[in-house]
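See structure below.
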Amino acid sequence: MKNIKLKKAAYKFKSKRQIWKRIAWFCFVILLCILIFALCMFFPPFKIQSEEALVGVVSVIITVLSAVFVVFQLSDTEHITCCDMLANMNISFIENERLMLLYQKLEECYRDSSKKLEIQDDSDEKTVHTADLVAYFTFFEVLNEYVKHNIVTIAQLDDLFGYRFFILVHNKYIQERELYAVPSSYVNIFQLYDVWMEYRRINATKKGGRLVIMQENQIPDYYLKNKTYLQERLFCDYEYKEVQLQRKGDVAKKSFRQISLFPRDLKAILKLQDKIVEGLSNQSIFEQSTEEEILESMLVDACCGLYDGERLIALSIIVFNRQTKRNLSADWDDLKKKTHYWEYVTFDTIQVDPEYRGYGIQKYFLDYAEKLAVKVEAEYVIATVAPENTHSLNNFIEAEYEKHPTKCPYKKYGSDRNLVRKKINNG
């Protein structure tokens, strides 16, 4: 909050400084002209000896003053031109029937949370088409270019276009199907969003910031700060794979559907996590994945789920051998040689619906992680497990994972954890 107040004060100071800067320049030029005139009238060797010379000096002074007024006038004209441009853009938006149709649908979703935005590429003119969405996004991508090149400021855009912008980017359908799904296609939108949100925070009208509609759908700061939106989706092993697993005591195997998870599955993931936490007597043994971590892994790691029909019953995130704090290679601190992040694939999380325990889902995904490690040419799979989670720890031990000789347990995620790893035979 203190940081926001400082930024707000700086913004106000900058605005006032522009005004005083203009006044200072004007006063400076006036004083300079008076000084020149005084020198020419009263101080030898500058003293004017003839009437023609005096007329010449006066003409120079008038020319300088005129030039100053012209500069100020051009600056004012630039502001007027900018206002005309924004007014014309606003007119082009509201006179475009397709843009207004999409705006109307977004408005309906905002007013009634039970309504969902749908994009249907059919011949019905009353439905929103993909081209309408592209045009809406393009409108704001153009605005971002104006902002980046200092043609307009967010302050000039805010009142006129702010509502239309946030009603788009804070729509869940738009986030899951577009922004988070193919973020590298919307770099301009994320850049504009970042500076616009910063402006709203600085120019707070109340504690917590200026009103932003649907703030519960705000794009995470972590996502913006780390520029995750620049990443392309790197891993998509398959869209669908049938997995046969058998619970102990059951006669027959049960079929599950394994898929690479997309942002559209985010709601189901968070719901699964909440259900797992509710069923735990000791919640310290389970570390929930944050929304930011899930979205990141959907792009650059293996984020896989098991579905029973339309129900997500298990989630596994495997962080590839990339340089990130989520890669646990640095935690191992091998004394014999320096640990290299590219040698390690991290078994980040396994989350199983309590109703589906006993199918060997953790063992299945451990085996899957080892196959991926071979695929990305890593030497180890590494993971953490709570000491109290004996069932999970036994699964690692049975799968031939070794405990760290000294760091078991050690502090991770604010609780005690065992650090385990397995060397993968890469041939």
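Taking the number of Cβ atoms within 10 Å of each Cβ as an exposure proxy, the fewest-first ranking of Met100, Met298, Met197 is Met100, Met197, Met298. Taking the centroid of alpha carbons for each part, region 347-419 and region 94-157 are 45 Å apart.
About its Cα centre, how strong a charge dipole does region 165-311 have in debye, to the nearest 20, once Lys and Arg get +1 and Asp and Glu get -1 at the Cβ? Write down the numbers at each step before the final one.
Numbers: 21 positive and 22 negative charges, 80 e Å.
So the dipole magnitude of region 165-311 works out to roughly 380 debye.
Determine, for Thr339, Thr290, the number of other Cβ atoms within 10 Å of each Cβ, and report the residues in order from fewest to most. Don't skip to the end; give the middle numbers.
On the way: Thr339 18, Thr290 13.
Final ranking by Cβ density, sparse to dense: Thr290, Thr339.
With neighbours defined as other Cβ atoms within 10 Å of a residue's Cβ, the residues His129, His170 order from fewest to most as His129, His170.
Applying a threshold of 31 Å to the alpha-carbon distances of Lys172/Lys411; Lys172/Lys403; Lys105/Lys271 flags Lys172/Lys411; Lys172/Lys403 as lying beyond it.
Rule-based calculations on the coordinates, nothing more; no lab input. Just so it is clear, the structure is predicted and the values come from calculations on it, not from any experiment. When we count neighbours, we look across all protein chains shown, and the Cβ atoms used for this are built from the backbone with ideal geometry, even at glycine.
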